[in-house]
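Below you'll find the structure, written out as structure tokens, and then a few comments.
Each value in this text was obtained by applying a stated rule to the coordinates, not by laboratory testing. A quick note: this is a predicted structure, and the numbers were derived from the prediction, not measured. Cβ sites come from the backbone with ideal geometry, for glycine too, and all protein chains shown count toward neighbours.
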Amino acid sequence: MRIIREFQTAKAVLQRSPFEFGELSIEIGQMIKRIFGEELTPEEAVGRIIAEVRTRGDAALLDYTKRIDGVALTSLETTREEINEAYGKVDKELISSLNIAATRVRSFHQVQLRHSFREFSEAGLGQIVRPLERVGIYVPGGTACYPSTVLMSVIPARMAGVKEVIVTTPPGNGEKGEIPPATLVAADIAKVDRVFKVGGAQAIAALAFGTQSIPKVDKLCGPGGVFVILAKKMVFGVVDIDGLAGPTETVLLADDSASAALCAADLLAQAEHDVLASAILITTSSRLAQEVSEEVTRQLKGLERADIARQSVEERGKIIMVADMDQAIELVNLYAPEHLCLMVRHASSYMDKIRHAGGIFIGESSPEALGDYVAGPSHVMPTGGSARFSSPLGVGDFLKLTSIVSLTRQDLEALGSVAATIARAEGFTAHAHALEARLKKGRKR
């Protein structure tokens with residue numbers, strides 16, 4: 001891994017810039033030409049998919065599923081029979097583990113719900129809290145399986161009281177387009193209402209606008225590839241979205257008390273996600289910096305996804321040397337990482353200084369990998385520096401507030417002329433008349 005020893009260089013390297021889809025332009029360009037028969041930008045391709053789904057509905061979904069995923073579906077929705085059969089195809093230990101994880105995720109979000117938005121009424125003003133009615137969750141799939149994403153996205157919605165939760169995920173190979181059994185089991189454990197075999201931008205369009213089979217949702221959530229991210233961006237406003245998730249990232253903050261072997265393991269746990277993942281170590285120890293670099297090289301050899309992890313750490317991985325913890329925390333707040341792991345003495349004492357991070361993992365016993373699966377908080381967290389202004393997925397994402405105004409005649413007498421003055425200043429005389437008519441009516445009595 002690249003070791004950076006100059007603080008100003010580190011600041012420049014960690015300065016955020018918008019994620020550019022051009023980094024994948026060759027691969028995406030080839031895919032687009034195969035699908036559409038001509039050269040289009042990713043934005044043009046996604047725009048075309050959305051437009052066709054809006055006008056052709058299910059027919060467009062079936063068409064794009066065949067062209068993109070290579071699967072000729074006869075039905076878009078997963079049946080109850082398929083879900084029941086999935087249990088027989090999943091190891092019992094995994095089913096038990098998913099149930100334990102689900103219990104912990106529910107428990108955390110139940111507590112979060114108690115501390116989220118509260119209803120109140122005071123002096124004629126207040127607010128009521130209502131859950132969203134229907135939510136769509138996108139779960140990546142195809143060549144991979146993400147049952148943890150199902151639990152981490154669906155359960156917060158359920159705990160918030162959402163009436164209907166729909167999952168879309170890319171189909172696998174074969175005529176039925178079988179979804180990975182573990183994903184279906186997780187969906188059942190999380191109490192998903194309906195599961196559809198649709199992926200990519202076409203799934204996002206279907207959730208946003210509705211088709212003959214897939215109902216329109218109020219909000220859609222979930223990570224995905226370039227097409228999914230672009231589609232979410234394009235439909236925002238028609239529906240709400242959770243955010244635009246970019247490549248995943250972790251910063252490890254470590255001093256000379258940290259284990260080089262564990263630091264390397266945590267960095268590689270992040271790097272194996274994706275070649276675009278960023279695994280960064282910031283440390284005050286030159287010895288640790290060198291040892292971690294060597295450990296990463298050694299541990300890579302035993303990984304199943306070694307090629308992905310190797311490209312990630314070589315192209316995006318960094319080890320940054322700093323003079324002290326003040327410099328380290330300055331870099332953390334500058335970068336605003338999705339995940340921040342504190343492998344330092346008295347780790348909790350630094351919490352007040354950390355302003356920007358999606359999730360903070362404190363100490364050797366709280367690795368990010370635990371948070372990814374069973375700790376409790378959702379692993380859907382802000383990326384790309386958006387931790388400066390956004391939060392991990394939680395029950396609050398599935399609640400909405402309605403303001404209540406119920407003032408007395410005395411309040412109207414005190415405030416009506418004030419509001420009318422402001423209305424006239426803005427040129428809205430009808431507003432002023434609506435207020436003044438009420439004041440006049442009261443004086444005649």
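For region 238-320, just say rounded, prolate or oblate: build the C-alpha gyration tensor, square-root its eigenvalues into a ≥ b ≥ c, call rounded for a/c under 1.5, and beyond that prolate if a/b exceeds b/c, oblate if not.
Verdict is oblate for region 238-320.
Please tell me which of these pairs span more than 18 angstrom C-alpha to C-alpha: Lys89/Lys163; Lys66/Lys191; Lys163/Lys400; Lys92/Lys163; Lys163/Lys233; Lys33/Lys197?
Lys89/Lys163; Lys66/Lys191; Lys92/Lys163; Lys163/Lys233; Lys33/Lys197
Please list, in chain and number order, the residues 5+ apart from Ile404 or on another chain whose amide H is under 5 Å from its amide H, with Hs placed from the backbone.
Here Gly126, Gln127, Ile128 satisfy the definition.
What is the chain by shape, rounded, prolate or oblate, if you read a ≥ b ≥ c off the alpha carbon gyration tensor as root eigenvalues and call it rounded for a/c under 1.5, prolate for a/b larger than b/c, and oblate otherwise?
Here the chain falls in the oblate category.
Hey, with R₀ at 22 Å, roughly what FRET efficiency would Gln311 and Lys33 work out to, going by the Cβ-Cβ distance, to 0.05?
After rounding to 0.05, the efficiency reads 0.35.
Springs between alpha-carbon pairs under 10 angstrom, Gaussian network model over the chain: which of Ala190, Ala271, Ala434 fluctuates most?
Comparing Ala190, Ala271, Ala434 in the GNM, the peak value goes to Ala434.
Compute the angle between helix 260-271 and the longest alpha-carbon principal axis of the chain, please, reported from 0 to 90 degrees and rounded to the nearest 10.
The helix 260-271 is inclined about 60 degrees to the chain.
Could you list Glu426, Glu272 in order of exposure, starting from the residue whose Cβ has the fewest other Cβ atoms within 10 Å?
Glu426, Glu272
Between Glu413 and Arg355, with labels modelled 7 Å along Cα→Cβ, what's the label distance in nm to one decimal, could you check?
Distance between the two pseudo-spin positions: 4.8 nm.
For Lys11, put the label point 7 Å out on the Cα→Cβ axis and report which residues of region 290-325 keep their amide N under 18 Å from it.
Hits in region 290-325 for Lys11 at 18 Å: 320-325.
Using a basic spin-label model with each label point 7 Å from the Cα along Cα→Cβ, how many nm lie between Ile404 and Glu44?
The answer from the label model is 5.4 nm.
So which residue, out of Gly371, Gly237, Gly47, gets the largest mean-square fluctuation from a GNM of the chain using Cα contacts under 10 Å as springs?
Of Gly371, Gly237, Gly47, the Gaussian network model singles out Gly237 as fluctuating most.
Normalising by the residue count of the chain, find the relative contact order in percent from Cα pairs under 8 Å and 6+ residues apart.
Reported relative contact order: 19 percent.
Gain in length, Ala72 to Arg388, computed as 0.36 nm per residue apart minus the alpha-carbon separation, to one decimal in nm?
Separation in residues times 0.36 nm, less the Cα-Cα distance, equals 109.4 nm.
Measure off 7 Å from each Cα along the Cα-to-Cβ vector at Gln299 and Asp326, then give the distance between these two points in nanometres to one decimal.
It works out to 3.2 nm between the two label points.
Hey, fewest Cβ within 10 Å first, where do Val238, Val154 land in order?
Val238, Val154
Hey, what angle do you get for helix 226-235 against the long axis of the chain, alpha-carbon based, 0 to 90 degrees rounded to 10?
Relative to the chain, helix 226-235 is tipped by roughly 10 degrees.
Rounding to the nearest 10 and keeping the result within 0 to 90°, find how far the Cα-based axis of helix 325-335 lies from the longest principal axis of the chain.
Roughly 60 degrees between the two axes.
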